[in-house]
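As structure tokens, the structure follows; a few thoughts come after it.
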Number of protein chains: 2
Amino acid sequence: MTGHGTVATPLFLPVGSQAAVKTLTPAELKGLGINMILANTYHLYLRPGVPVIEKLGGLHRFMAWDGALLTDSGGYQIFSLAPLNRLSDDGVTFRSHIDGSQHHLTPEMVIGLQESLGADVIMVLDECPPSDAPLARVRSAVERTHRWAERCLKARRRRDQLLYAIVQGGIYPELRRRSAEYLSSLNFPGYAIGGLSLGESKEATYDMVAETVAFLPEDKPRYLMGVGSPEDLLEAAARGVDMFDSALPTRVARNGALFSRRGRLNITNAVYKKMDEPVDADCPCYTCKTFSAAYLNHLFKSQELLAYRLATIHNLSFLSRLMRDIRSAILNGSFTSFQEDFLSKYQTTNEEVRLEQKQRWLRRPRDYKGAVDSRSDG
Amino acid sequence: MTGHGTVATPLFLPVGSQAAVKTLTPAELKGLGINMILANTYHLYLRPGVPVIEKLGGLHRFMAWDGALLTDSGGYQIFSLAPLNRLSDDGVTFRSHIDGSQHHLTPEMVIGLQESLGADVIMVLDECPPSDAPLARVRSAVERTHRWAERCLKARRRRDQLLYAIVQGGIYPELRRRSAEYLSSLNFPGYAIGGLSLGESKEATYDMVAETVAFLPEDKPRYLMGVGSPEDLLEAAARGVDMFDSALPTRVARNGALFSRRGRLNITNAVYKKMDEPVDADCPCYTCKTFSAAYLNHLFKSQELLAYRLATIHNLSFLSRLMRDIRSAILNGSFTSFQEDFLSKYQTTNEEVRLEQKQRWLRRPRDYKGAVDSRSDG
């Protein structure tokens, strides 16, 4: 239950980092059965600035979204997007990825910003090390994340917002367990699992999810951050995760990768140039009910802006229905067979391709003058 | 009356050169009161190719548009976008602006292509010289345009399409008159005025419109090509024009220029950063009813794709309502006072800025590798 409606779990949150789910209106999101989305404190702090949004009545009103809303603290973005100048127990000093300006944020400030934005669920500031960080580095990040979590808990004033802690611990089971146990003892309204899906193998992700969930309270929402591929959603839901967010479904949509029951297909492939059928004959979304694969292929080849929108509608419709089906399967006790059936038909994206893409993402050149690019909404 | 519904004139056609009005779905266009749009034979011939669209059931079905549809012949695009290799009475040889490949089109071929696309209104192939071309060059273009118009008339097979002739003649009143008279004698179902709004002064445009309209039949639609600013629509409607098309309203929308009763405003201006009111308080469009100017300012500053869409909705809503108001004013005999009232409040864009922009457009570097850019949908 949130301040803007009750949401059924397991639940996938589309990402609207900059106060917009790319290409879509609030009305369209609602039409896709989506009733909770995510925005990002780091992005909104830099632009347009939190005081602007506060003055205009808060984030819900600013973006005309009357459903449930979660703001990420921006910890992940500070550690992945912004060149870090200094990290200490006090907080983090970084430069804006937009204009290079220097900023300092503490756990208390991040809570204050999120109270001004006014989302229904807010997140602690955490330290998020790279996936291949050595044990000592991850241990120190876990410990700082814990100290910061306590400070966030103390700092918060608004009781109408749900503050979630974030478990860290990289791919070290012992650290995951310690982090989950320690944060559980602080009695947060919800728990996120951070620091995964950053380039480690899928097996490592799934193992760490299981290792973490086992030590989190059963009666609190468990939220796996940054996960959004159909196979990962199923695997993590099977391990007890209740909430997810990821820019993947919307980002790959804009690259022409569309979900189907058979796997992701690339609509720019020549095989679709003359295909009169919709991308997915079983799909009830506006895109598939209205247009042929050939038309989408043409729009992508022509770089028509409508292409990105129609593909986003399709992918979010696919995930919205997948989550609905997962919920039904759980309720009627058929989740395991549903999962097996889905995964037997769904061809996952080549693991190596995925890792290579992830690495490229991590190593991408930093452009201070350019706009936030399509990949920065993670 | 067209094969896809009766349309009331004066009428503005949004431009969907590549079989899509940039950022919008057919359902949205309908919701804006738009029931006729334009697509471009040159663009669709190059990509995806006319046989592809024909195989998929024609252009209406391909783009899921069940309203009225007009295809421009592509004459203007061939002369403005494509490097011209050879021009003769037979036809025109040019290179694709997309990949540099060489193509040859004759008037007969252009009719054949448009019959395959299947729009409700189709256009003759014309020769469109630059606005500053000398008299002899324009005279020769007019004469060739006449010979080509006759060939187009002979070539056409489908009787369910309305074939419009295009009057040329640059800024030479005598040539305009001759062209209008000659083409009128051929008894086309409709007449377009081409070769204007290409950088000549607004006075020259209006004078040439009046000079042309005077010699066109009163009982046939008169269509001024490439005109779409509110002040030009009013001035040309006052001179007897029934139809218009222009990429201007959608193109400037994507640059953040939004129409209002006071003139065009630039939403990226700092004055809008904290403005809680909609862009235009009187506007009933989805954008103005849902979002503040501050939110639009933020979306543009953040280069969010939703920005381009919301601005496009607003500008097309503005023009759709302007044309509706013009029609009402004509019907109840108050057009002159409506025009005076509108123009007394509407600050037109600085003429010099306009000319400079136009010149920059004409001189822009040709990029064969890049995609069709946002300016090429004219």
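Okay, residues lined up against (1) closer than 23 Å to B:Asp72 by Cα; (2) of a type outside the set (S, T, N, Q):
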site: B:Gly240; (1), (2): yes, yes
site: B:Phe244; (1), (2): yes, yes
site: B:Ala247; (1), (2): yes, yes
site: B:Thr250; (1), (2): yes, no
site: B:Ser260; (1), (2): no, no
site: B:Asn266; (1), (2): no, no
site: B:Asn269; (1), (2): no, no
site: B:Tyr272; (1), (2): no, yes
site: B:Glu277; (1), (2): no, yes
Which listed residue is touching a Pro at 6+ places or on another chain (Cβ under 7 Å) and within 30 Å of A:Gly194 (Cβ to Cβ), from A:Asp232, A:Asp242: A:Asp242
Single unsatisfied condition, A:Tyr223 versus (1) under 24 Å from A:Phe318 (Cα atoms); (2) open to solvent by less than 10 Å² (accessible area, probe 1.4 Å); (3) touching a Ser or Thr at 6+ places or on another chain (Cβ under 9 Å): (3)
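Residue-by-condition table, conditions (1) within 25 Å of B:Lys273 (Cβ to Cβ); (2) at pLDDT 95 or above:
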| residue | (1), (2) |
| --- | --- |
| B:Glu304 | yes, yes |
| B:Ala307 | yes, yes |
| B:Phe318 | yes, yes |
| B:Leu322 | no, yes |
| B:Ala329 | no, yes |
| B:Thr348 | no, no |
From A:Cys128, A:Cys152, residue being part of a loop (DSSP other than H, G, I, E, B) and crowded, with 19+ Cβ neighbours inside 10 Å: A:Cys128
Among (1) open to solvent by 10 Å² or more (accessible area, probe 1.4 Å); (2) of a type in the set (A, V, I, L, M, F, W, C); (3) closer than 30 Å to A:Gly333 by Cα; (4) within 14 Å of chain B (Cβ to nearest Cβ), the one test that A:Phe215 misses: (4)
Qualifying positions in the stretch B:66-93 - away from chain A (no Cβ under 14 Å), of a type in the set (D, E, K, R) and within 24 Å of B:Leu24 (Cβ to Cβ): B:Asp72
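Has the stretch B:119-141 got at least one residue that is more than 14 Å from chain A (Cβ to nearest Cβ), on the phi > 0 side of the Ramachandran plot and at pLDDT 95 or above? Before the answer, list the steps.
Taking the stretch B:119-141 as the starting set, the residues that turn out to be more than 14 Å from chain A (Cβ to nearest Cβ) are B:119-141.
Then drop every residue that is not on the phi > 0 side of the Ramachandran plot, which leaves none.
No - not one qualifying residue is present in the stretch B:119-141.
Yes/no per residue for (1) more than 20 Å from A:Arg47 (Cβ to Cβ); (2) surrounded by fewer than 20 Cβ atoms within 10 Å (Cβ to Cβ); (3) of a type in the set (Val, Ile, Thr); (4) in contact (Cβ under 8 Å) with a residue 40 or more places away in the chain:
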| position | (1), (2), (3), (4) |
| --- | --- |
| B:Val271 | no, yes, yes, no |
| B:Asp282 | yes, yes, no, no |
| B:Cys285 | yes, no, no, yes |
| B:Cys288 | yes, no, no, no |
| B:Ala307 | no, no, no, yes |
| B:Ala311 | no, no, no, yes |
| B:His314 | yes, no, no, yes |
| B:Arg321 | yes, yes, no, yes |
Index of the failed condition, A:Met275 passing every other in (1) within 22 Å of the chain's Cα centre (by Cα); (2) facing chain B (nearest Cβ under 10 Å); (3) hydrophobic (A, V, I, L, M, F, W, C); (4) assigned to a loop (DSSP other than H, G, I, E, B): (1)
Given (1) among the acidic types (Asp, Glu); (2) more than 17 Å from B:Pro107 (Cα to Cα); (3) part of a helix (DSSP H, G or I), number of the condition B:Asp160 does not satisfy: (3)
Given (1) crowded, with 21+ Cβ neighbours inside 10 Å; (2) in contact (Cβ under 8 Å) with a residue 40 or more places away in the chain; (3) within 13 Å of chain A (Cβ to nearest Cβ), number of the condition B:Thr25 does not satisfy: (2)
Subset tally (residues that are more than 14 Å from chain A (Cβ to nearest Cβ) and either in contact with a Lys or Arg (Cβ under 7 Å, 6 or more places away or on another chain) or of a type in the set (Gly, Ala, Ser) (or both)) for the stretch B:3-22: 4
Hey, A:Ala257 in contact with a Lys or Arg (Cβ under 6 Å, 6 or more places away or on another chain), surrounded by 19 or more Cβ atoms within 10 Å (Cβ to Cβ) and either of a type in the set (Ser, Thr, Tyr) or more than 9 Å from chain B (Cβ to nearest Cβ) (or both) or not: yes
Residues of the stretch A:165-187 satisfying the condition of being without any contact (Cβ under 8 Å) to a residue 40 or more places away in the chain, buried (at least 18 other Cβ atoms within 10 Å of the Cβ) and not aliphatic (A, V, I, L, M): A:Tyr172, A:Arg176, A:Arg178, A:Ser179, A:Tyr182
Test: residue in the stretch A:329-344 that is open to solvent by 10 Å² or more (accessible area, probe 1.4 Å), assigned to a loop (DSSP other than H, G, I, E, B) and within 14 Å of chain B (Cβ to nearest Cβ): no
Candidate set from the stretch A:53-65 (those that are in a helix (DSSP H, G or I) and within 16 Å of A:Ser17 (Cα to Cα)); member that is nearest to the other protein chains (Cβ to nearest Cβ): A:Phe62
Residues (outside any helix (DSSP H, G or I) and either facing chain B (nearest Cβ under 8 Å) or in contact with a helix residue (DSSP H, G or I) (Cβ under 6 Å, 6 or more places away or on another chain) (or both)) located in the stretch A:278-313: A:Pro278, A:Val279, A:Asp280, A:Cys285, A:Phe291, A:Ser292, A:Ser302, A:Gln303, A:Glu304
Selected residue (criterion: surrounded by the fewest Cβ atoms within 10 Å (Cβ to Cβ)) from residues of the stretch A:5-22 that are in contact (Cβ under 8 Å) with a residue 12 or more places away in the chain and of a type outside the set (A, V, I, L, M, F, W, C): A:Gly5
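Can you say whether B:Asp72 is within 20 Å of B:Ala149 (Cα to Cα), touching a Lys or Arg at 6+ places or on another chain (Cβ under 9 Å) and modelled with pLDDT of 95 or more, as far as the supplied structure shows?
In short, no.
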Given (1) more than 25 Å from B:Met243 (Cα to Cα); (2) surrounded by 14 or more Cβ atoms within 10 Å (Cβ to Cβ); (3) not aromatic (Phe, Trp, Tyr), index of the condition B:Glu277 fails: (2)
Test result for B:Arg366, more than 14 Å from chain A (Cβ to nearest Cβ), at pLDDT below 90, open to solvent by 70 Å² or more (accessible area, probe 1.4 Å) and touching a Pro at 6+ places or on another chain (Cβ under 8 Å): yes
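The values are calculated or read from the model by the stated rules, or taken from the named source; none is laboratory data. Source: prediction; values computed, not measured. Cβ sites come from the backbone with ideal geometry, for glycine too, and all protein chains shown count toward neighbours. Note: areas computed on protein heavy atoms with side chains; ligands, DNA, RNA excluded. Shrake-Rupley method; radii C 1.70, N 1.55, O 1.52, S 1.80 Å.
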